[in-house]
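In what follows, a structure is listed as structure tokens, so that the remarks can point back to it.
The values are calculated or read from the model by the stated rules, or taken from the named source; none is laboratory data. Computed from a prediction, not measured in an experiment: that's the story for all the values here. Please note: Cβ atoms are built from the backbone with ideal geometry, for glycine as well, and neighbour counts cover all protein chains shown.
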Amino acid sequence: MTTQEFDLVTSLARGVEGRSGAWTFILGFAAHWTGAALGSEDGWAEADLDAAEERLGLPLPTALREAYLLFGRRQDLTSNHDVLLGPAELYVDDAKEALVFRHENQGAASWGIPLDSLPDDDPAVAVRLDLADKGAERWEEWLARLSLCFVEIVLSEALQADEELCDFLDPDDNSLELLETNFLRLPFPAYPMGEETRWFLGQDVLVRDDDGTAILARGRTAKAVDRVRDLIPGDWQNDYR
């Protein structure tokens with residue numbers, strides 16, 4: 001199976017525009033990049049989501065329900081590094097400002113939906129950093145739509161899979177120049193908070209530049225990751241050749 005059967009660039013461009021395109025992108029990405037197409041067992045049941053609403057006394061946005069029903073139990077898509085909470089784990093933060101649905105793996109951040117946005121079909125998502133000064137913690141804008149956030153989750157968690165398929169490089173200026181020269185920039189919206197995180201695509205490989213501080217790569221095969229290492233020479237963390 002080749003990436004031509006799944007046009008990641010075109011599908012991602014549609015996926016960042018709204019819910020329908022987001023779920024279509026995730027369906028295609030799961031089938032062609034993880035080797036395991038989504039099935040009925042990969043989502044939570046309607047009853048699980050209804051129970052969460054009853055427990056919380058709050059409505060779950062349409063986009064959240066759709067995501068959980070489609071792939072909410074697929075941890076390889078959502079929780080290789082950070083953690084997508086299950087329906088029974090969803091909670092409202094202590095300040096009663098947001099419905100929390102995701103945690104950073106060491107508790108350094110949480111992602112949530114502002115409570116006043118819960119009636120929206122595809123609400124914006126906020127992030128809150130865990131700070132030493134708890135009084136300074138506050139919810140900040142993250143991504144404009146929950147469906148877009150789930151696209152970002154699936155892409156980011158793909159970079160945290162098995163070492164055979166993933167690698168990490170502490171880049172220099174030459175590394176970034178080679179990345180820009182040899183890989184196609186993907187159409188993902190700008191991140192907030194002043195950081196420039198960029199996504200790129202190569203031959204069977206997905207690459208992310210974290211504001212010039214790290215390059216992360218995920219290949220569909222081990223050979224694809226080797227090609228990245230050859231195109232961007234450096235001290236790759238998982239290069240045991």
Original post:
Within region 176-220, which residues are within 19 Å of D235 (Cα to Cα) and of a type in the set (S, T, N, Q)?
Top reply: N182, T213
Original post:
If the Cβ limit is 8 Å and pairs must be 6+ apart or interchain, which residue in region 1-21 that is aromatic (F, W, Y) pairs with which residue that is modelled with pLDDT of 90 or more?
Top reply: F6/G28; F6/F29; F6/A31; F6/H32; F6/W33
Original post:
Somewhere in region 145-160, is a residue surrounded by fewer than 16 Cβ atoms within 10 Å (Cβ to Cβ) and either of a type in the set (A, V, I, L, M, F, W, C) or not assigned by TED's automatic domain parsing to the domain that holds S110 (or both)?
Top reply: no
**OP:** Filter region 188-209 down to residues that are at pLDDT 95 or above, within 25 Å of E140 (Cα to Cα) and not hydrophobic (A, V, I, L, M, F, W, C) and give me whichever is surrounded by the most Cβ atoms within 10 Å (Cβ to Cβ).
**Re:** D209
**OP:** Only one of these is surrounded by 18 or more Cβ atoms within 10 Å (Cβ to Cβ) and among the aliphatic types (A, V, I, L, M): L115, L70. Name it.
**Re:** L70
**OP:** Could you grab me the full set of residues in region 137-184 that are farther than 14 Å from W111 by Cβ, at pLDDT 95 or above and among the small types (G, A, S)?
**Re:** A158, S175
**OP:** For region 60-104, enumerate the residues that are in contact (Cβ under 8 Å) with a residue 60 or more places away in the chain and among the aliphatic types (A, V, I, L, M).
**Re:** A63, L64, A67, L77, L84
Subject >> One residue from T10, T78, T24 being of a type in the set (V, I, T), surrounded by 16 or more Cβ atoms within 10 Å (Cβ to Cβ) and in the same structural domain as R145 (by TED's automatic domain parsing) >> reply: T78
**OP:** Search region 25-44 for residues that are within 9 Å of L70 (Cα to Cα) and of a type in the set (G, A, S) and pair each with any residue that is surrounded by 12 or more Cβ atoms within 10 Å (Cβ to Cβ) and at pLDDT 95 or above when their beta-carbon atoms are under 8 Å apart and the residues are at least 6 apart or on different chains.
**Re:** G43/Y68; G43/L69; G43/L70; G43/F71; G43/G72; G43/R73
